[in-house]
Amino acid sequence: MLTEFSGLKEFKIYNSSITSWDEDAAFTQAFHPMLTTLFLIRVNMTNGELPLGLQADNLPQSLEDIEFCVTNLRSLPDDLDVKWPQYASIYLEASQFQEVPPSLVRLAPYDLSLSLNPIAAIPEELFESESVAYLSFGGTLISELPENVSNLASSMYDINLSDTNISFFWSWIDPLVITPSNAPPISAGGTPYCLDILRILEKRQTAFAISPPEHIDQSILNDASVDNWDILEKAVYCEEEDSTWYPLDFEDEYSKII
């Protein structure tokens, strides 16, 4: 049936369960050359695995926005990086990933969100890939960024770490901090780090509670001196953020059964 919709541009499934979506109904360049957007919102998939219908070797070349939010998805195929688009927005939010899938690391999409997944570590490669500009790991289990990022990608523009247990930063983050920007490049509302900033700016404490060992180069973001307050305020956004980049509250209101 899906193969008959050659003019399909946007596709969304909301509040449903996918029990079967086989290869013969897959999205492909041949049958869906105009497809740009794929949304799966509040969707369960068999065994928490990506349906075959979303794993075609020849996905539509126009597909540039893939957003899953509130799903039971817990794994991705090992060859996803050669099937899904790289220069795309890919949100896999509020799902059941316990780690960043290796194929997603290799894919390194331009715009990636894994917010609200039980992920405790972020691979350093995501910060080094020159194809990545936006990363969101808000509401995950991370307590620190990877230590050994050799060279932060010049393409990196925005990192969301809101509602995590982040309490300090490594010095490799500094190029992002000192690059002129219209908005803070790091969001960290609801973290121990931002709680420290609040107390420092209110003169209730004079240093961050946790910092890397002294023998390691210190980040600008670990400097609590008065002379550095302006940088801290411009670099890190400490207000509350939406839990997901997908507008879930709006979707629930818009799509509710009346």
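The values are calculated or read from the model by the stated rules, or taken from the named source; none is laboratory data. What you see is a predicted model, and the numbers here were worked out from it, not measured in a lab. Note that each Cβ is placed from the backbone with ideal geometry, even for glycine, and that neighbours are counted across all protein chains shown.
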**Request:** May I ask you to list the residues in segment 192-228 that are among the hydroxyl-bearing types (Ser, Thr, Tyr) and more than 18 Å from Phe127 (Cβ to Cβ)?
**Result:** Thr206, Ser211, Ser225
**Asked** Here are some conditions: (1) among the acidic types (Asp, Glu); (2) outside any loop (DSSP other than H, G, I, E, B); (3) within 30 Å of Ser162 (Cβ to Cβ). Asp24 meets all but one. Which one does it not meet?
**Response** (3)
**Item:** Complete set of residues in segment 38-63 that are of a type outside the set (S, T, N, Q), closer than 15 Å to Ser89 by Cα and either surrounded by fewer than 18 Cβ atoms within 10 Å (Cβ to Cβ) or touching a Cys at 6+ places or on another chain (Cβ under 9 Å) (or both)
**Value:** Phe39, Leu40
**Asked** Taking Glu241, is it buried (at least 18 other Cβ atoms within 10 Å of the Cβ), among the charged types (D, E, K, R) and modelled with pLDDT under 95?
**Response** yes
**Request:** Go through segment 28-64 and give me each residue that's in a strand (DSSP E or B) and touching an Asp or Glu at 6+ places or on another chain (Cβ under 9 Å).
**Result:** Thr37, Leu38, Phe39, Leu40, Ile41, Arg42
**Item:** Which listed residue is free of Cβ contacts under 8 Å to residues at least 40 places away in the same chain, outside the structural domain of Leu40 (by TED's automatic domain parsing) and either small (Gly, Ala, Ser) or in contact with a Lys or Arg (Cβ under 9 Å, 6 or more places away or on another chain) (or both), from Ala235, Ala224
**Value:** Ala224
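With respect to Ala224, is the statement that it is at pLDDT below 95, over 20 Å from Asn148 (Cα atoms) and not aromatic (Phe, Trp, Tyr) true?
Details: at pLDDT below 95: no; over 20 Å from Asn148 (Cα atoms): yes; not aromatic (Phe, Trp, Tyr): yes.
Spelling it out, it is not the case that Ala224 is at pLDDT below 95, over 20 Å from Asn148 (Cα atoms) and not aromatic (Phe, Trp, Tyr).
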**Prompt:** Could we say that Pro118 is more than 15 Å from Met156 (Cα to Cα) and modelled with pLDDT of 95 or more here?
**Reply:** yes
**Odd one out for Leu248, checked against (1) without any contact (Cβ under 8 Å) to a residue 24 or more places away in the chain; (2) in contact with a Cys (Cβ under 6 Å, 6 or more places away or on another chain)** = (1)
**Near pairs, Cβ below 9 angstrom, 6+ apart or cross-chain, from segment 99-119 (not assigned by TED's automatic domain parsing to the domain that holds Ala153) to any residue that is in a loop (DSSP other than H, G, I, E, B) and surrounded by 21 or more Cβ atoms within 10 Å (Cβ to Cβ)** = none
**Complete:** Of the residues in segment 201-240, those that are of a type in the set (Asp, Glu) and more than 20 Å from Pro175 (Cα to Cα) come to Glu202, Glu214, Glu239, Glu240
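Might you let me know whether segment 68-87 holds any residue that is assigned to a strand (DSSP E or B) and among the basic types (Lys, Arg)?
no
Each row is one residue, and each column tells you yes or no for (1) surrounded by fewer than 17 Cβ atoms within 10 Å (Cβ to Cβ); (2) under 25 Å from Ser95 (Cβ atoms).
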residue	(1), (2)
Pro185	no, no
Ile197	no, no
Glu214	yes, no
Ile220	yes, no
Tyr254	yes, yes
**Complete set of residues in segment 196-253 that are out of contact with any helix residue (DSSP H, G or I) (no Cβ under 6 Å at 6 or more places or on another chain), of a type in the set (A, V, I, L, M, F, W, C), closer than 30 Å to Glu67 by Cα and in a helix (DSSP H, G or I)** = Leu248, Phe250
**Item:** Pick from segment 160-187, criterion out of contact with any strand residue (DSSP E or B) (no Cβ under 8 Å at 6 or more places or on another chain) and among the small types (Gly, Ala, Ser), ranking: farthest from Leu112 (Cα to Cα)
**Value:** Ser167
